[in-house]
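The values are calculated or read from the model by the stated rules, or taken from the named source; none is laboratory data. As the structure is a computational prediction, the values presented were derived from the model and not from experiment. No Cβ is skipped: glycine too gets one built from the backbone with ideal geometry, and neighbour counts run over all protein chains shown.
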Amino acid sequence: MNSMDKIENRYTGELGEQYHANKHFLNDEVKEMMAEKRVKKFLRFVKPETRLLEYGVGGGFNIKNLVCKEKDGFDIATSIKDQVEKLGIRFIDSEDKIPNDYYDVIICNHVLEHVPNPIETLSIIKS
C-alpha cells in the first residue's frame, strides 16, 4: 500500500469518521471560541471580496466566521461534508474539482503533516 492509500484509509470511510468524531468532540461553546480565535489569525488576509479556499477544511472552524465573497473547503473526508456545508462553506471532495487560478487566498493550516509529499501538495495548491 502506497503512502496516499494509507492517508486515504486513515481519513476516509469508517476510520475517517472515527478520526473526525474524536477530533471534533468539543462542545459548541469551545468550538465557537476556537473559531473566533482563528478569525483573528486569518483576518488580515481575507477581505469581503476575497474568494477563499481552505485546503484540508476539516470541520470548517478556521474559516466559518470569516466574511468573504466565497468560502470553499477541500477535504478527502467526505463524512464531514454536511457539517462543513452547514457552516456556509462549499465542500469540495476532490482535488480535480478545485479550479485553477481562481482563489485570492488559500489557507492550508495543519495539513502538510498529514500528506505523504508536502512539496507536491504545495505545488498542487499553488496551481
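Residue pairs whose Cβ atoms lie under 7 Å apart, sitting 6 or more positions apart in sequence or on different chains, and linking a residue in region 22-38 that is of a type in the set (A, V, I, L, M, F, W, C) to a partner that is modelled with pLDDT of 70 or more and outside any helix (DSSP H, G or I), are 34/61; 35/61; 35/64; 35/65. Just need a number here: residues in region 101-127 that are modelled with pLDDT under 90 and part of a loop (DSSP other than H, G, I, E, B). Matching residues across region 101-127 total 7. Residue selection: residue 81 satisfies the criterion of being modelled with pLDDT of 90 or more, in a helix (DSSP H, G or I), touching a strand residue (DSSP E or B) at 6+ places or on another chain (Cβ under 7 Å) and not small (Gly, Ala, Ser). Considering each residue of region 88-124, count those that are polar (S, T, N, Q) and within 22 Å of residue 46 (Cβ to Cβ), and give that number. Here the count works out to 3.
Cβ-Cβ contacts under 7 Å between residues 6 or more apart (or on different chains), taken from a first residue in region 68-86 that is under 24 Å from residue 115 (Cβ atoms) to a second residue that is among the aromatic types (Phe, Trp, Tyr) and in a helix (DSSP H, G or I), are listed as 76/11; 77/11.
On the given criteria, is residue 64 within 16 Å of residue 32 (Cα to Cα) and charged (D, E, K, R)? Before the answer, list the steps.
Details: within 16 Å of residue 32 (Cα to Cα): yes; charged (D, E, K, R): yes.
Taking the combined requirement at face value, the residue satisfies it.
Can you find a residue that is touching a Phe, Trp or Tyr at 6+ places or on another chain (Cβ under 7 Å), part of a helix (DSSP H, G or I) and either at pLDDT 95 or above or under 19 Å from residue 114 (Cβ atoms) (or both) anywhere in region 38-54? Yes: region 38-54 contains one or more residues that are touching a Phe, Trp or Tyr at 6+ places or on another chain (Cβ under 7 Å), part of a helix (DSSP H, G or I) and either at pLDDT 95 or above or under 19 Å from residue 114 (Cβ atoms) (or both). Once region 80-108 is narrowed to residues that are in contact with a Lys or Arg (Cβ under 8 Å, 6 or more places away or on another chain) and not β-branched (Val, Ile, Thr), the residue that is surrounded by the most Cβ atoms within 10 Å (Cβ to Cβ) is 91.
Scanning region 109-123 for residues that are exposed (fewer than 13 other Cβ atoms within 10 Å of the Cβ) and either closer than 13 Å to residue 55 by Cα or not polar (S, T, N, Q) (or both) turns up 110, 113, 116, 119, 120, 123.
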